Amino acid sequence: MKRRKFIKSAAICSATYGLGRWKKSAKTHALTLSFDDGFKKSFYRIAEIYEEYDLSACFNVIASGHMSSFNAVDKWILPELMGNFEDWNHLKFRGHEVMPHTWEHLNLTKVPITKAKENIDKCLDYFESHLEGYIAEEAVYNFAFNASTPELDAFALQRVRAIRTSGRLILENTRTNAMPTRNSPHRLGCWANGPDFCDEFVDREVNEFLAGPGGWLIINLHGLDEEGWGPLHAGYLDGLLKRLVEIEYLTMLPTGVLLL
Ligand SMILES: [Zn+2]
């Protein structure tokens, strides 16, 4: 697909799926559910649920997850569960966000720094050549295991708009990020819970956040039902979105869109 045509199509999809709702001045709270890894079945189901509520989902995928060389990570990220870039381009075309998560899902703080940087470059190179409409200046690199160092953050930020990493590393007294502006923030913290179902964790986090003064909460999730580390029940996600879209002071947009 030619780039110009894609952007036009994406704009239409964005309007269809709710990006037009976003008025930063009218909202005090922003919530992003940031789904990692690239589980084919779960990601299509998540997309369907988001579309029911006129919302765009936030997906972050393993660049080499569909390759024969890809090895299972722990007992949750299994090669046979992963989608490919045909899937990711399709979901992006439907108005969802697809961002880089990792090349092969290594903990980059536990490998030599040269290898860690090579892995980041391989991931971003692959996105540039395989994801339709990928724009590096608007991209968010989501560290595997939310594990990074200031040096790795700075390295990735040479090639993307922002990085998402562990909340604990960068947020001292709050669980929220500052509301996004055109110039900040570049380093985003998030929270996750597993390996069992994390419906209750999400409920507690969201309710505390909604009762608080506001900001931008990013919760890192994975698959639905039996897929991935710390999955959500599909029915829970459906009910959660149904409840949240009624809250006037809340916006729910993907990470990259909130930074535009
Ligand atoms: Zn992951």
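From the list I49, I62, pick out the single residue that is within 16 Å of the ligand (Cβ to nearest atom) and crowded, with 16+ Cβ neighbours inside 10 Å. Give the steps one after another, and end with the answer.
Working: I49 fails: within 16 Å of the ligand (Cβ to nearest atom).
So the residue among I49, I62 that is within 16 Å of the ligand (Cβ to nearest atom) and crowded, with 16+ Cβ neighbours inside 10 Å is I62.
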Q: Could you check, for the stretch 105-127, whether at least one of its residues is touching a Pro at 6+ places or on another chain (Cβ under 8 Å), of a type outside the set (D, E, K, R), under 25 Å from E226 (Cβ atoms) and more than 12 Å from the ligand (Cβ to nearest atom)?
A: no
Q: Being crowded, with 23+ Cβ neighbours inside 10 Å, in contact (Cβ under 8 Å) with a residue 40 or more places away in the chain and either of a type outside the set (D, E) or farther than 19 Å from L33 by Cβ (or both) narrows it down to one of G95, G83, G133, so name that one.
A: G95
Q) Is it true that some residue in the stretch 124-142 is part of a helix (DSSP H, G or I), of a type in the set (F, W, Y) and modelled with pLDDT of 95 or more? A) yes
Q) Residues of the stretch 128-166 being more than 15 Å from the ligand (Cβ to nearest atom) and aromatic (F, W, Y), which ones? A) Y134, F155
Q) Looking at the stretch 214-234, which of its residues are more than 14 Å from the ligand (Cβ to nearest atom) and either over 18 Å from R164 (Cα atoms) or in a loop (DSSP other than H, G, I, E, B) (or both)? A) G214, L224, D225, E226, L232, H233, A234
Q: Report yes if S56 is of a type in the set (S, T, N, Q), away from the ligand (no atom under 13 Å from the Cβ), modelled with pLDDT under 95 and touching a helix residue (DSSP H, G or I) at 6+ places or on another chain (Cβ under 8 Å), otherwise no.
A: no
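The values are calculated or read from the model by the stated rules, or taken from the named source; none is laboratory data. Keep in mind that this is a model prediction, so the values were computed, not measured. Every residue, glycine among them, receives a Cβ derived from its backbone with ideal geometry; neighbour counts consider all protein chains shown.
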